[in-house]
1. Once phi is turned into θ = phi - 60°, what whole-Hz ³J(HN,Hα) does the Karplus curve with 6.51, -1.76 and 1.60 give for every residue of region 57-72, x standing for Gly and Pro?
2. Using each residue's phi in region 220-225, evaluate 6.51 cos²θ - 1.76 cosθ + 1.60 at θ = phi - 60° and report the 3J(HN,Hα) Karplus result to the nearest Hz, with x for Gly and Pro.
3. In Å, what Kirkwood hydrodynamic radius results for region 232-411 from the alpha-carbon pair distances?
4. Fewest to most neighbouring Cβ within 10 Å: what's the order for 397, 237?
5. Output needed for region 2-137: three equivalent-ellipsoid semi-axes, defined as square roots of 5 times the C-alpha gyration tensor eigenvalues, in descending order, whole Å.
6. Which percent of the Cα-Cα distances in region 339-395 go past 16 Å?
7. Which entries of 328/373; 101/301; 221/276; 101/328 have Cα-Cα distances beyond 32 Å here?
8. Assuming 0.36 nm per residue, please report the length gained on full extension of the stretch residue 390 to residue 205 beyond their Cα-Cα distance.
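Readers should treat all values here as calculations from the given coordinates under stated rules, not as data from a laboratory. Predicted model only: the values in this text are computed from it and were never measured. Heads up, the Cβs are rebuilt from the backbone with ideal geometry, glycines too, and the neighbour counts pull from every protein chain shown.
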Amino acid sequence: MLDLFVTLTDYYGYQELVQIHDPPLIHELDHHHVLRFTYRRHSNGEVESDFELDNAPGLAFAARATSSFPGAFPPARIVEMDEVVAQRQGRWPRRAEFIAKGFPNHLRADIDPATASFLDGSVLNNRPFLQAISAIHGRPAYREVDRRLVYIDPHPAPLVSPRRQQVPGFFATLRAALSDIPSSQPVTDELARVVEFNDQVRRLRAIIDSARPHVGELVTKVVTTTFDRAISTDDLRGWREQVNAHVARDAGFAYQAYVRLKLASVRAFGAELIVKLRGMPPQSPLARVVAEIIDAWAVRKGIVYARADSAALEFEPQTADQLPPWVKYLLAFDVKYRERRLQFLIEGQNRLYQLLGQERFAGFNPVVIDRLKREFYARLDGLRRRESAAFYSPELRALVADIFPASRRRER
């Protein structure tokens, strides 16, 4: 997997709607822009790459645009790249894909990206730490790895800066405001987020490790069979339902809050997916409308948590037809829970690497762990691909657009 982020600055910018309280909507002019080029090799061998020769003009444009330092080089435009391709009698087969993928906000605002003017990204964002950190999340590793974020500062500041008391002149002030200060802004905020994220991971890991003995005790109580035979899916399903019943009974009021939070998160996930299929940004006014529609639909269909339903589940086995609506809803749409469960399984395999030196694991082949992790990541990759609008057919996206129409003028 490879991700390349190229920061640009749109000279004219484009309008975006921002939701506040009073007035409910305001227009803001956004000049930030980031181009993303990816390489993905999926578990089934399929390759998705933006680094092929058929997209070479797109890569060349990104390099040209991010080098357009104000005052030194003129702004870059896609139409200029079209002229270069024509002069060399070349081809750009993925031009439409490059524009659709790299400039969705311009297209929503009825702006032709080919004629937009772009400057160096350092004008507003010279250090795209946020994109780099986001790309790290969920990266597969078929062996135990130590993830590190490396930043190379092209212009490191001296250890001791000289004190300057004189008042800067007109041109020095202008140059510093337009170029020097934005390009040398420190990365302390971004690094603070990295430190905070690492602290959060350590806290959660400590909580999970402290709960492992209780989980192990519960699993031992429920799973009384031997493992000298093949385990069927019915066995796993039965054990899972028994564990869930024990947890629901032992957790008390905490379980009710947990289920209600899960239902809210699943409804939010469905709303986010619909907005993606509709081709709108997450902060679009349509997102709030879709979320309210799904919430109202859930209440109308009775997909709400009821204590009586939970009590029945705790003590009596339920068939698929007997399950309450909220349980069926979670079983059908709680994708994030399935992702978390797979991630816990992967984390469990990582812990095995640390135990291989013990006597009880003598002769154990770590390749077995690698193979199992690869299978887990394949399932996880399959789930995550379904969260992208590109996974679904144009017919389905057209159906969503018919069900959830939105005025292009209002969505700008």
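1. x, x, 5, 5, 5, 4, 5, 5, 5, 6, 9, 7, 5, x, x, 9
2. Whole-Hz 3J(HN,Hα) from phi for region 220-225: 4, 5, 7, 8, 9, 7.
3. Hydrodynamic radius (Kirkwood, Cα only) of region 232-411 equals 19.4 Å.
4. Going from least to most buried by this count: 237, 397.
5. The equivalent ellipsoid of region 2-137 has semi-axes of 26, 21, 15 Å.
6. Value for region 339-395: 53 percent of Cα pairs lie more than 16 Å apart.
7. 101/301; 221/276; 101/328
8. 63.2 nm
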